[in-house]
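Got a structure here, written out as structure tokens. Questions coming.
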Ligand SMILES: [Zn+2]
């Protein structure tokens, strides 16, 4: 037997992969996605039956663990999904759709849809504000890529996407794709995402002057954001990434940073955390067949 994580049964065997995902999506046992029922649910058996098919005898409908998740309407086998999730979660700088396509032996189009759905799983919903008493939260903006239809200019940032990033020292990062560095864009995000008891660190930009006074203190020493942005995150975002998908790339980098080794999260645990995020993230654009 190989010790390689890639030979793990959940990455090779479809029944094992589905059981593994079921255990994470339904820690208390199967839940019917149609009526919410938890009783009178049976596994469908028989050779002609799809693996992982359940029937709810309350509403008489059938379902699999894919319903209502990023896997819904995908024909890709679950063990391949888990391979893709493991690859995206364990490689420090992410993995391109081209690479994913070659590694998994799926078409480029399928690999592209898979990566975007996995990024969606990494997007954390309903986050509590960051910081707190004696905690330092830094805020800064980065300019990346180029706005669609804008000509390339040598200087200035008017033609670039603006990303606001908040980093708690020794803690998590959050990135937001904003329209501009105006007070109207920046201040509501700062207010909503940082506890007032925190020490706020920013540069001396005008848009932080007013809101800075609402925090325990407002200083100008900040390195964490720059380190995060330069080191791992936005420099790796593909320059051609379409604006409408930028928030998902940001979610991917924030997720990896917030579940980093230094915080005690290894590759397998990181993949498990991404799998827990698959629920309720069904993408709205048409992607049937991938
Ligand atoms: Zn039901």
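Each value in this text was obtained by applying a stated rule to the coordinates, not by laboratory testing. Given the structure is predicted, the values throughout are model-derived calculations rather than measurements. Virtual Cβ from ideal backbone geometry, glycine too; neighbours counted across all protein chains shown.
I need the helices (runs of 4 or more DSSP H) fully contained in region 6-121, keeping only those with at least 2 residues that are more than 16 Å from the ligand (Cβ to nearest atom) and over 26 Å from residue 269 (Cβ atoms).
Because the criterion is at least 2 residues that are more than 16 Å from the ligand (Cβ to nearest atom) and over 26 Å from residue 269 (Cβ atoms), the helices (runs of 4 or more DSSP H) in region 6-121 that meet it are 97-104.
Now for a separate question. Consider residue 92 carefully, then state whether it is surrounded by 12 or more Cβ atoms within 10 Å (Cβ to Cβ), touching a helix residue (DSSP H, G or I) at 6+ places or on another chain (Cβ under 9 Å) and under 25 Å from residue 249 (Cβ atoms).
no
Separate question: Taking only pairs six or more apart or across chains, which ones have beta-carbon atoms under 6 Å, a first residue in region 49-75 that is in contact (Cβ under 8 Å) with a residue 60 or more places away in the chain and farther than 16 Å from residue 24 by Cα, and a second residue that is part of a strand (DSSP E or B) and more than 16 Å from the ligand (Cβ to nearest atom)?
Hits for this filter: zero, empty list.
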